[in-house]
Amino acid sequence: MLAAKILFDAAISFVAELCASRGWMALEREILQEDTGYQAIWVIDAPAMSLKAAMVDAEDRHPLGRLWDMDVVSPESGPLSRSAIGHPARACLICDEPAHACSRSRRHDRDELLVVMAQRIMTYLNRACRNYSTRTSKPGKYCLASFSTVPS
């Protein structure tokens with residue numbers, strides 16, 4: 001699906017740029033495309049808490065970050081939670097209640113969630129198209145107008 005590939009590619013680019021900007025070495029990277037979707041596993045030479053803080057910041061601040069799930073596993077202490085660095089649990093994309101509670105209770109149906117996700121992706125793509133047009137003086141020539149993630 002196009003939307004999943006866009007999300008995945010943006011996340012891969014973000015992590016690669018983050019590592020480069022912080023001087024962190026990506027020792028290994030494996031990219032998987034499974035029936036469940038895209039997944040990347042990185043081995044990054046960085047302090048685990050600093051890496052987790054950067055991933056949480058990305059999830060909270062990047063235009064697509066709320067659609068990413070970036071886990072950090074420390075060799076010494078195992079998986080690091082958001083609370084380990086003083087952040088609250090993730091909020092639901094639709095109602096801002098704790099995401100785990102909405103997911104567990106299936107409070108929102110699949111189509112409602114897909115619409116919110118599609119809106120976030122379209123906002124990101126529209127911004128990217130505007131930036132491309134500004135940099136290249138080719139207004140909208142290759143920009144994606146719309147797509148649907150909701151089954152007909």
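The values are calculated or read from the model by the stated rules, or taken from the named source; none is laboratory data. Since the structure is predicted, the reported quantities are computational estimates derived from the model, not experimental observations. Reconstructed Cβ throughout: ideal geometry from the backbone, glycine too, with neighbour counts over all protein chains shown.
Quick check on region 34-51: of everything there that is more than 14 Å from the chain's Cα centre (by Cα) and hydroxyl-bearing (S, T, Y), which residue is modelled with the highest pLDDT? Per the criteria, the residue is S50.
Give region 110-124 a look and list any residue that's within 18 Å of C95 (Cβ to Cβ) and of a type in the set (A, V, I, L, M), or say none. Before the answer, list the steps.
Just the residues of region 110-124 that are within 18 Å of C95 (Cβ to Cβ), to begin with: 110-120.
Scanning region 110-124 gives L113, L114, V115, V116, M117, A118.
Within region 39-97, can you find the residues that are of a type in the set (D, E) and touching a Phe, Trp or Tyr at 6+ places or on another chain (Cβ under 7 Å)?
Filtering region 39-97 for residues of a type in the set (D, E) gives 45, 57, 59-60, 69, 71, 76, 96-97.
Those that are of a type in the set (D, E) and touching a Phe, Trp or Tyr at 6+ places or on another chain (Cβ under 7 Å): D45, E59.
Just one of the listed residues (M122, M117) is in contact (Cβ under 8 Å) with a residue 40 or more places away in the chain, outside the structural domain of A10 (by TED's automatic domain parsing) and surrounded by 14 or more Cβ atoms within 10 Å (Cβ to Cβ), and it is M117.
Of the residues in region 73-82, at least one is β-branched (V, I, T), under 20 Å from T36 (Cβ atoms) and either in a loop (DSSP other than H, G, I, E, B) or touching a strand residue (DSSP E or B) at 6+ places or on another chain (Cβ under 8 Å) (or both).
Applying the set (1) under 22 Å from S13 (Cβ atoms); (2) surrounded by 11 or more Cβ atoms within 10 Å (Cβ to Cβ); (3) at pLDDT 90 or above to D71 leaves exactly one unmet item: (2).
For M70, the conditions (1) under 14 Å from the mean Cα position of the chain (by Cα); (2) in a helix (DSSP H, G or I) are fulfilled apart from (2).
For region 40-48, the count of residues that are in contact with a strand residue (DSSP E or B) (Cβ under 8 Å, 6 or more places away or on another chain), of a type in the set (V, I, T) and not in a strand (DSSP E or B) is zero.
Summed over region 29-57, the residues that are surrounded by fewer than 18 Cβ atoms within 10 Å (Cβ to Cβ), within 14 Å of A11 (Cβ to Cβ) and among the small types (G, A, S) give a count of 2.
The set of residues in region 1-28 being part of a strand (DSSP E or B), exposed (fewer than 14 other Cβ atoms within 10 Å of the Cβ) and either touching a Leu at 6+ places or on another chain (Cβ under 8 Å) or hydrophobic (A, V, I, L, M, F, W, C) (or both) consists of M25, L27.
Taking residues in region 5-24 that are closer than 24 Å to D35 by Cα, and partners anywhere that are basic (K, R), the pairs with Cβ atoms closer than 9 Å and at least 6 places apart or on different chains are I12/R29; V15/R29.
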